[in-house]
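The structure appears right after this line, and notes come after that.
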Amino acid sequence: MPQSLRLLIYILTTLLALNLASCQKFEGDQTIPAYVRIDTVLFTADYVTQGSSTHKITDAWVYVDDQLIGVYELPSTFPVLASGKHKLEIRAGIKLNGIGATRAPYPFYLPYTLTDFNFVPDSIQLVKPFTTYYDNLTFAWMEDFEGSGLSLESTSQGDTAIFKTNPANHPDAWLSPYSSYSGIVHLDQAHNTFQSASFLEYELPKLGKSVLLELDYKCEREFVVGLIAKLPANYVYLPLIVVNKSEKWNKIYINLGPNVSEYTTAQSFKVYFEAGLGEGDNAKIFFDNIKLIYRTPGE
């Protein structure tokens, strides 16, 4: 099969598979594109200061010479009307709040940049981007359930608590070189309501600043993630999203920024989780790698 025909099949298949619309604008008379293929974006974190390296990068936001040419669900092969050396930048994309309609580049992951990428028309070039966190972030709260104590406490609204999985390396736990335990909630007829909150309260930046909660989970029942705002006269519960059931370990990035900014008089916030038994005799919910992150003020 001629190479040009193979390229045509590649790109037609990709375009049919894409769920995202993209717009490309180029100047000049070039009609034969170069093709770029991205299978995945790798991510690593410093465990001691940034916690686990779990991620759910679903998309690549692609820029050529600082111009957005498209958003591509991975893996993807896509055309670029450029030849020769240009700046190529790839930003890792996620689904905010786990919703496909709110895809965005994750603001806390560094872009992957090649300043002199050589685009070759009528050719497929494989790019292997990788990323990590920016170094100007504050990890206000991290809970990976590996310590002797937990940074979560039960509230008066629940009749059961969150515990560590037992024994170490339990098959239901999130397991990795750094992880032997996870958090588990048991719901049954005698303990049918769960609500736990972060033990500490956190002063979070307002004025539209990015504040995100990362969370790994596996659950047999939906659960709610919310904030408890400490106001001058009282506390206010702010339920934010309902996380759907997942038989396998999953990850979600929850956008707290708009709600934090809305409560301008709030002195501090807690994060809380809650769930009910619903139908059935029992259910289990697992948590791991909780991170409350924002950009350090002044940086």
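The values are calculated or read from the model by the stated rules, or taken from the named source; none is laboratory data. Remember, predicted model here, so these are calculated numbers, not experimental data. Neighbour counts run over all protein chains shown; Cβ positions are idealised from the backbone, glycine included.
Observations, loosely collected:
- Search result, residues across the stretch 231-253 that are among the aliphatic types (A, V, I, L, M) and either assigned to a strand (DSSP E or B) or under 16 Å from Lys56 (Cβ atoms) (or both): Val236, Leu238, Leu240, Ile241, Val242, Val243, Ile252
- Only residues that are more than 15 Å from Lys248 (Cα to Cα), surrounded by fewer than 17 Cβ atoms within 10 Å (Cβ to Cβ) and either without any contact (Cβ under 8 Å) to a residue 12 or more places away in the chain or in contact with a strand residue (DSSP E or B) (Cβ under 9 Å, 6 or more places away or on another chain) (or both) were counted across the stretch 170-179, and they come to 1.
- Test: residue in the stretch 52-61 that is closer than 30 Å to Thr31 by Cα and of a type in the set (A, V, I, L, M): yes
To keep it simple, each residue is scored yes or no on (1) touching a helix residue (DSSP H, G or I) at 6+ places or on another chain (Cβ under 8 Å); (2) assigned to a loop (DSSP other than H, G, I, E, B); (3) surrounded by fewer than 16 Cβ atoms within 10 Å (Cβ to Cβ); (4) not assigned by TED's automatic domain parsing to the domain that holds Ala34.
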site: Leu68; (1), (2), (3), (4): no, no, no, no
site: Ala82; (1), (2), (3), (4): no, yes, no, no
site: Lys85; (1), (2), (3), (4): no, no, yes, no
site: Leu88; (1), (2), (3), (4): no, no, no, no
site: Arg91; (1), (2), (3), (4): no, no, no, no
site: Ala101; (1), (2), (3), (4): no, no, yes, no
site: Thr113; (1), (2), (3), (4): no, no, yes, no
site: Asn118; (1), (2), (3), (4): no, no, yes, no
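- Checking each residue in the stretch 130-143 for being in a loop (DSSP other than H, G, I, E, B) and touching a Pro at 6+ places or on another chain (Cβ under 9 Å) picks out only Tyr134.
- Output for the stretch 180-209, where each listed residue is of a type outside the set (Val, Ile, Thr), surrounded by fewer than 20 Cβ atoms within 10 Å (Cβ to Cβ), over 13 Å from Asn282 (Cβ atoms) and modelled with pLDDT of 95 or more: Ser180, Phe199, Leu200, Glu201, Tyr202, Glu203, Pro205
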